[in-house]
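Have a look at the structure below, then the notes.
Derivation of every value follows stated rules applied to the coordinates shown; laboratory data play no part. Bear in mind the structure is a predicted one, so any value in this text is a computation, not a measurement. Here the Cβ is made from the backbone with ideal geometry for all residues, glycine too, and neighbour counts use every protein chain on show.
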Amino acid sequence: MGKKKLLRFAEMRDFDNVVQAGADQVYGERHPLCGKWAETFFRRSRPLVLELGCGKGEYTIELAKMMPGKNFLGVDIKGARIWKGARYALDNNLKNAGFLRTRIELISSFFERDEVDEIWLTFPDPQVKKAQKRLTAPQFLYRYRGFLKPGGLVHLKTDSTVLYQYTLSLLEGNRLEITDHTDDLYGTGTGDPVLNIRTYYEKQFLKQGKPICYIKFRIDGNGLINAPDDQ
Ligand SMILES: C[S@@+](CC[C@H](N)C(=O)[O-])C[C@H]1O[C@@H](n2cnc3c(N)ncnc32)[C@H](O)[C@@H]1O
């Protein structure tokens, strides 16, 4: 590992807006912050919004600036990426933006029932060959359901038509509510500033001329969620 990366990792251990937890600390257990993000981490009771696979945290940061009345938490496994968003939030006194470094597979250990109001999935790996690893696969949606409030929204932004079509088929096949979707977000025009936030990866995809797909949906209910037949 490069010297700069090592220095950043060391520095991040002292950031009070970052929590780091590996499988050895939480596997099958409740993390000490589970159910306590508002009172212990953000120190204020406000709606909690997650960005899963946040990378450098552009959505977490920009949403936190736009909506000071909510708490935002970016989640990613890569410390060097999280460092950027966390450093920016500290330097800009953005107290409603925080970061959690862990694997999304372990996410259930961190939040209790109804603790989360909304989830953003921003350009996750489409996992073209391993559908069960997609962040909208049934095993992930069950996890989100375990802590997302009834009526809570999930947003997916992706450049991948494979992930877009898979997610639409899954939602339709399981009669889950789709409140909005498009396979060309900027082509069809959006006046919503929230959808105009561009992440690091999104900017690369736009430079390559790729259209951006977007789905907004709910996962209410407690029934089985089946994967599409044609994945
Ligand atoms: C394609 S990047 C997108 C990053 C950012 N959202 C953006 O749009 O620029 C996918 C991100 O998901 C993270 N990631 C992938 N699998 C993960 C997992 N199982 N748990 C946590 N983070 C994961 C990667 O580290 C990476 O930062």
Exercise. Which of (1) surrounded by 15 or more Cβ atoms within 10 Å (Cβ to Cβ); (2) within 16 Å of the ligand (Cβ to nearest atom); (3) under 18 Å from the mean Cα position of the chain (by Cα) is the odd one out, the single condition Asn96 does not satisfy?
Worked result: (2)
Seminar exercise, completed: The lone condition Glu58 fails out of (1) surrounded by fewer than 16 Cβ atoms within 10 Å (Cβ to Cβ); (2) within 15 Å of Thr199 (Cα to Cα); (3) among the acidic types (Asp, Glu) is (1)
Problem set entry | Out of Tyr144, Tyr88, sole residue that is without any contact (Cβ under 8 Å) to a residue 40 or more places away in the chain and within 15 Å of the ligand (Cβ to nearest atom) | Tyr88
For this session: With a cut-off of at least 2 residues that are among the aliphatic types (A, V, I, L, M) and surrounded by 14 or more Cβ atoms within 10 Å (Cβ to Cβ), name the strands (runs of 3 or more DSSP E) lying wholly within region 136-231.
Result: 148-158
For this session: Would you mind stating whether Arg101 is more than 8 Å from the ligand (Cβ to nearest atom), surrounded by fewer than 19 Cβ atoms within 10 Å (Cβ to Cβ) and either under 14 Å from the mean Cα position of the chain (by Cα) or farther than 22 Å from Asp24 by Cα (or both)?
Result: no
Seminar exercise, completed: Counted residues in region 65-82 being more than 7 Å from the ligand (Cβ to nearest atom) and closer than 19 Å to Glu202 by Cα come to 3
